[in-house]
1. Pull out the extension gain between residue 297 and residue 127, defined as 0.36 nm times the separation in residues minus the alpha carbon to alpha carbon distance; nm, one decimal.
2. Convert each backbone phi in the range 203-217 into a coupling constant with the Karplus relation 6.51 cos²θ - 1.76 cosθ + 1.60 (shift: θ = phi - 60°), then list the ³J(HN,Hα) values in order as whole Hz, x for Gly and Pro.
3. Report, by chain and number, residues whose modeled amide H sits under 5 Å from the one on residue 249, excluding near sequence neighbours (fewer than 5 apart, same chain).
4. Please give me the summed charge of the neighbours of residue 235: other residues whose Cβ is under 14 Å from its Cβ, Lys and Arg +1, Asp and Glu -1.
Amino acid sequence: MVLVVLVSLVAGQVLGQPILLGFVETGSMEPTIETGDGFVALPSEVTGEPEQGDVVVFEAKEIQGGGLTTHRIVEETDQGYVTRGDANPFTDQDGDEPYVQDAQIVAEAWQVNGEVVTIPAFGTAVMTASNTLERVQTRLAGTLGVRSLSGTSGLALPILGVSIVLYVVETIRERREPSLESHTDDEGDDWLDPRLLSAGFALLVVVAAAAAMIVPAGTQSYAVISAEFDSERPVVIEQGTTGEIPYPVSNGGFVPVRSYIEPGSEDVAVDSGRMIVGPREETTVTVSITAPEETGHYPTYITEYRYLYVLPAPVIDALYVFHPWAPLVTILSLLGGGTYVLGRAFSGPGDVRSRRAAIRSRCRETQSIVRRQD
């Protein structure tokens with residue numbers, strides 16, 4: 001359970017979407033959330049519209065160089081949300097941070113009776129685990145001379161490969177008929193339960209599939225400039241007029257994907273936002289952006305949802321209309337359940353210990369008969 005929690009925290013930082021838990025690295029939210037404490041992160045998809053007083057996790061543009069930031073909403077305006085750390089004397093927007101838009105908010109801290117539910121020292125634990133992993137990756141990359149082992153996802157492929165090899169080896173071992181000598185001489189020899197192996201391999205498939213759908217998608221921001229004149233630059237648009245920019249949708253994997261492009265801001269419109277992108281293919285969607293009447297710099301947002309095309313398009317469409325998370329959960333359940341069933345079929349039915357106990361019992365009976373005959 002501890003491992004699952006730590007992995008969730010690390011994955012949340014890598015994906016830019018807190019999974020189950022979030023944490024703070026600075027003291028800007030003290031005393032509500034102490035430095036290094038964790039908190040329960042509720043995805044924005046299930047929390048509804050944020051309100052004044054909510055503690056939210058959003059993709060900052062300028063705070064500490066940008067990235068996930070956990071601050072409280074202190075005001076709602078026509079331009080967006082005003083945020084501030086509880087320990088800070090001024091708002092983020094008093095500095096260089098633009099007003100926070102709905103598309104930037106990825107999660108909300110769970111509050112009970114107005115108090116954020118915190119988990120002491122969880123952030124410290126995940127930062128320690130992350131630093132340790134980074135040192136291990138750096139050492140492996142230097143020892144083996146393989147640069148691909150560095151970075152946030154450098155160990156994913158080797159770990160997946162080793163896991164597959166171990167799974168196949170254990171499955172072959174389990175399927176082999178044990179000999180009389182091996183089971184009479186080694187009474188305490190117990191292999192892993194194939195149910196656990198199948199579940200572990202299914203978990204790897206689910207994690208890989210989730211990463212393929214979540215990592216390339218998300219919210220993309222465009223820094224639009226409302227100018228007094230037209231320009232050849234797509235993001236410079238004459239004030240009060242509408243310009244068009246291309247939004248590329250690429251699929252670097254070997255499985256087709258069903259992609260949905262939605263406006264993340266009120267001044268954005270998308271034509272034909274639903275498409276199927278084949279393996280190793282790329283397509284382009286036209287996005288229309290209307291510049292405000294007042295000149296200046298305005299951030300706009302486009303949100304993409306992506307799903308592996310393993311279900312019929314009408315089924316994915318229906319699930320998507322119900323909720324954007326519905327296709328994701330359905331596809332992961334299908335892949336995870338199918339992998340588990342397939343693994344159980346290869347590893348054979350029944351429990352390992354019970355089968356081995358029965359074999360040992362038969363071996364003892366055989367030995368007893370042999371002794372009586374002698």
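Here, each number is a calculation from the coordinates, and none is a lab measurement. Remember, it's a predicted structure, so these values are computed and weren't measured experimentally. All Cβ positions, glycine included, derive from the backbone under ideal geometry; neighbour counts span all protein chains shown.
1. On the way: separation 170, 0.36 × 170 = 61.20 nm, distance 3.54 nm.
Net length gain for the segment: 57.7 nm.
2. Karplus values, whole Hz, x for Gly and Pro: 5, 4, 4, 5, 4, 5, 5, 4, 5, 5, 8, 8, 4, x, 8.
3. Answer set, sorted by chain and number: 283, 284, 285.
4. On the way: positive: 233; negative: 230, 232, 238, 244, 267.
Residues near residue 235 contribute -4 overall.
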